[in-house]
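First comes the structure, then the notes that go with it.
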Amino acid sequence: MPRSVWKGPFVDGYLLKKAEAARASTRNEVIRIWTRRSTVLPQFVGLTFGVYNGKKFLPVQVTENMVGHKFGEFSPTRTFGGHSADKKAKRG
Amino acid sequence: MGELGRAHGVRGLLRLKAHCEAPIDSYNPLRDERGRVFVLHPRGADLVAIEGVADRNAAEALTGTKLYVERDRLPEPDPDEFYLTDLVGLAAFTAEGKALGQVRAVEDYGAGPFLTLSGPPERLVPFTMAAVPVVDIQGGRITVEPPAEIEVKPPEGEAEE
């Protein structure tokens, strides 16, 4: 069995505890985290995190297809605003 | 919608830096800042031919031209979908009427769109029904219910390296 499989996904323990508490409440809330290295787990689906990018906490709404990725992947540290043109945003 | 780049070849083709999601020729005719009209025909990945531009000299004169389309020619978006150009600039208020500034940007890095409100203080608000229940484009305002923020700091001695 490869080492990465038997070790399992990495998540900071304190985040896991806090996310489980947040799941119990149904409030509109953002959980601010610094742990960009933690893996997105299935129990985080539906929660919104504010992931620090060195300057701001960017809102990350966790969906099923993000499971297995790291939080840092959704909070870029170098950004370019781009052009709006005909781009659209869908309200979740 | 896009910007014309450098000339390509001797038959009046130009490079195009398109900013739109739909093919740019679906918005024909386009206009520039001076009101000149352009009809574009794509030629490959990032090249366009422009009606009335047949040689390199004419094409070089157009380098750097920015192309626009009137807002009312954009197709109607789906329900609960909004053009970024409509959202940017809207005034943000809480349900109690407290001003939160204007929408300065709408960004999406793969984890759902969020609004940047100018404040002060600047706020990043997820673009969800819970956080932004009312979007009134005609009225030029949105109603925001700023989400509660919980900080989850690493315990002492467990700081990330």
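The values are calculated or read from the model by the stated rules, or taken from the named source; none is laboratory data. A quick note: this is a predicted structure, and the numbers were derived from the prediction, not measured. Glycine gets a Cβ as well: all are built from the backbone with ideal geometry, and neighbour counts include every protein chain shown. Just so you know, the surface numbers come from the protein's heavy atoms only, side chains and all, with ligands and any DNA or RNA stripped out. Shrake-Rupley method; radii C 1.70, N 1.55, O 1.52, S 1.80 Å.
Starting from residues that are out of contact with any helix residue (DSSP H, G or I) (no Cβ under 7 Å at 6 or more places or on another chain) and within 10 Å of chain A (Cβ to nearest Cβ), keep the ones in segment B:96-114 and report whichever is most open to solvent (accessible area, probe 1.4 Å).
Here the answer is B:R104.
Restricting segment B:76-95 to residues that are part of a loop (DSSP other than H, G, I, E, B) and open to solvent by 50 Å² or more (accessible area, probe 1.4 Å), the residue that is modelled with the highest pLDDT is B:V88. When B:H41 is tested against the conditions (1) at negative phi; (2) part of a strand (DSSP E or B); (3) surrounded by 14 or more Cβ atoms within 10 Å (Cβ to Cβ), the lone failure is (3). Of all the listed residues (B:A18, B:A99, B:A45, B:A92), the sole one being over 30 Å from B:T128 (Cα atoms) and of a type outside the set (S, T, N, Q) is B:A45. Looking only at residues of segment B:53-63 that are surrounded by fewer than 14 Cβ atoms within 10 Å (Cβ to Cβ) and either without any contact (Cβ under 8 Å) to a residue 12 or more places away in the chain or under 19 Å from B:H19 (Cβ atoms) (or both), we find that the one that is nearest to the chain's Cα centre (by Cα) is B:T63.
Just give me the residues in segment B:1-31 being in a loop (DSSP other than H, G, I, E, B), touching a residue at least 24 places away in the same chain (Cβ under 8 Å) and buried (at least 16 other Cβ atoms within 10 Å of the Cβ), in sequence order.
If the condition is that a residue be in a loop (DSSP other than H, G, I, E, B), touching a residue at least 24 places away in the same chain (Cβ under 8 Å) and buried (at least 16 other Cβ atoms within 10 Å of the Cβ), then B:M1, B:G12 are the ones that fit.
Free of Cβ contacts under 8 Å to residues at least 60 places away in the same chain, farther than 15 Å from A:D12 by Cα, within 10 Å of chain B (Cβ to nearest Cβ) and in contact with a Leu (Cβ under 9 Å, 6 or more places away or on another chain): does that describe A:V62? Yes, satisfied. Of the candidates B:L124, B:L117, the single residue that is free of Cβ contacts under 8 Å to residues at least 24 places away in the same chain and touching a Lys or Arg at 6+ places or on another chain (Cβ under 7 Å) is B:L124. For chain A, the strands (runs of 3 or more DSSP E) that sit wholly inside it and include 2 or more residues that are open to solvent by less than 80 Å² (accessible area, probe 1.4 Å) are A:29-33, A:48-52, A:57-61. Condition check: under 9 Å from the mean Cα position of the chain (by Cα) and either within 18 Å of B:P126 (Cα to Cα) or among the β-branched types (V, I, T) (or both). Does A:T77 satisfy that? When the stated conditions are applied, A:T77 does not pass them. Does B:E107 satisfy being of a type in the set (D, E) and over 27 Å from A:K90 (Cβ atoms)? Here the answer is no, as B:E107 does not meet what is asked.
This table checks each residue for (1) away from chain B (no Cβ under 11 Å); (2) under 19 Å from A:A21 (Cβ atoms); (3) free of Cβ contacts under 8 Å to residues at least 60 places away in the same chain.
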residue	(1), (2), (3)
A:F44	yes, yes, yes
A:T48	no, yes, yes
A:G54	yes, no, yes
A:F57	no, yes, yes
A:H69	no, no, yes
A:F74	no, no, yes
A:G82	no, no, yes
